[in-house]
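Shown next, in structure tokens, is the structure this report addresses.
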Amino acid sequence: MSMGNLALFQGMKQKMDWLTQRHTVLAENIANADTPGYRARDLKPLEFRSLVKETPRVNMAATSSSHLTGLRREPEFRVNEERPRNAYEVSINQNAVSLENQLTNVSQNQADFRLASSLYRQNITLMKLAIGRQPGA
């Protein structure tokens with residue numbers, strides 16, 4: 001069994017995938033800051049409950065060719081478009097991207113990714129210690 005099959009690592013990986021996709025959406029918002037009629041978008045927040053529910057359990061061993069294999073789905077992250085009433089400011093050309101807000105979101109997203117990757121790294125180190133291997137090896 002590899003460490004990647006553990007629910008803890010799969011949950012952290014899914015969170016980091018979500019943060020990576022969110023960074024792409026936020027970068028698109030910043031790139032379209034002058035596009036007429038563009039509305040800022042963001043990903044639907046990732047909920048812990050859905051993370052736990054969607055994390056697959058350990059696969060069952062198929063001891064017969066008539067056994068069915070399980071299905072694995074890639075996580076689907078939905079993009080929400082901010083409505084003008086939620087926008088901080090709307091320009092004359094109906095562009096509703098606030099650069100200050102987007103840069104704040106990018107900064108928070110970056111900090112969250114650093115935290116998630118640090119936790120991932122620390123959990124791998126703890127697992128290596130638990131099985132008797134040196135953390136640097």
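What follows is calculated from the coordinates using simple rules that are stated; it is not laboratory data. Bear in mind the structure is a predicted one, so any value in this text is a computation, not a measurement. Positions of Cβ are generated from backbone atoms using ideal geometry, with glycine treated the same way; all protein chains shown enter the neighbour counts.
Below is a table of values for the structure above.
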| quantity | calculated |
| --- | --- |
| Gain on full stretching of the segment that runs from Arg133 to Leu6 - 0.36 nm per residue minus C-alpha separation | 43.9 nm |
| For Ser118, Ser65, Ser98, order by how many other beta-carbon atoms lie within 10 Å, fewest first | Ser65, Ser118, Ser98 |
